[in-house]
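For reference, the structure discussed in these notes is given below.
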Amino acid sequence: MDESQNIELIECNEAEHAQAILDIFNEAILNSTALYDYKPRTLEKIQAWFAHKREHGFPVIGAVDAKGNLLGFASWGSFRAFPAYKYTVEHSIYIQHEQRGRGLGKLLLQALIERAKQDGQVHVLIGCIDASNQASIALHRRLGFEHSGTFPQVGFKFGRWLDVDFYQLILQTPFNPQDDA
């Protein structure tokens with residue numbers, strides 16, 4: 001990371017960060033395979049996204065510069081909708097296009113891992129990564145994630161079939177898992 005940049009990790013909130021998150025999402029939708037969406041999202045969709053995060057207590061961690069500009073963010077959500085998956089989350093990290101390759105992804109993923117450990121109710125973090133995204137795959141491997149499978153040709157974007165790789169990190173938490181919903 002550029003040491004001259006003073007980066008702070010914050011809790012994102014809708015009032016201050018919805019537009020910046022929308023801009024980061026939409027750039028990724030239009031120009032990459034980081035998101036398998038075709039059309040840019042609307043502010044209303046981001047408001048619903050924040051509401052869902054709040055309702056379920058899912059974190060939205062942001063990296064901001066000294067001026068308070070959001071450079072990237074990370075979050076997690078439910079992995080699947082069945083009760084037995086309650087200790088597994090799927091995370092995502094998105095970095096402003098101009099800021100990629102400067103170490104922000106690592107900073108944010110480390111923060112998510114620490115948050116999961118502190119939460120005490122997360123056992124597995126899962127990253128679903130476009131198989132061509134070698135930077136994200138390398139980052140996950142560096143932080144201890146293991147490849148748990150590839151789904152060939154499950155997406156179609158930019159006129160081609162896309163493969164996804166799944167990476168997972170198993171934590172020691174929770175200490176007393178329960179079968180009940």
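Values quoted throughout were computed directly from the atomic coordinates according to the rules given, and no laboratory measurement underlies them. Model, not experiment: these values are computed from the prediction. When we count neighbours, we look across all protein chains shown, and the Cβ atoms used for this are built from the backbone with ideal geometry, even at glycine.
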Point to revise | Calculated over the stretch 8-170: convex hull of Cα atoms, volume per residue (Å³) | key: 116 Å³
Revision key, fill the gap. A correct Karplus calculation of ³J(HN,Hα) over the stretch 45-59, with 6.51 cos²θ - 1.76 cosθ + 1.60, θ = phi - 60°, whole Hz and x for Gly and Pro, returns 5, 5, 4, 5, 4, 4, 4, 5, 4, 5, 4, 9, x, 7, x
Check your understanding: Roughly how many Å is it from the Cα centre of the stretch 51-125 to that of the stretch 9-27, as a whole number?
Key -> 13 Å
Review point. Computed FRET efficiency, Cβ-Cβ of Ala66 and Gln178, R0 41 Å: what is it to the nearest 0.05?
Key: 0.40
Point to revise | Loop-located trypsin sites (Lys or Arg not before Pro) in the stretch 1-97 whose Cβ has at most 12 other Cβ within 10 Å (DSSP) | key: Lys67, Arg80
Check your understanding: Residue-wise, which Karplus ³J(HN,Hα) couplings in Hz belong to the stretch 60-67, taking 6.51 cos²θ - 1.76 cosθ + 1.60, θ = phi - 60°, and x for glycine or proline?
Key -> 10, 9, x, 10, 10, 8, 4, 8
Exercise for review: Mind sorting Ser92, Ser132 by how few other Cβ atoms lie within 10 Å of their own Cβ, fewest first?
Suggested key: Ser132, Ser92
Study note, to complete from the structure: Residues whose modelled amide H sits under 5 Å from the amide H of Ser148, counting only those 5 or more places away in sequence or on another chain, are Phe166, Tyr167, Gln168
Check your understanding: Near Lys86, which lysines are there with a Cα under 20 Å away, not counting those fewer than 8 places off in the same chain?
Key -> Lys53, Lys117
Review point. What ranking do Cys128, Cys12 get, fewest neighbouring Cβ atoms within 10 angstrom at the top?
Key: Cys128, Cys12
Revision key, fill the gap. The ³J(HN,Hα) series, computed from each phi in the stretch 153-169 with the Karplus coefficients 6.51, -1.76 and 1.60 at θ = phi - 60°, rounded to the nearest Hz and given as x for glycine or proline, is 6, 8, x, 9, 7, 6, x, 8, 6, 10, 9, 10, 10, 10, 10, 9, 10
Point to revise | Residue order, fewest to most surrounding Cβ atoms within 10 angstrom, among Phe79, Phe145, Phe175, Phe158 | key: Phe175, Phe158, Phe79, Phe145
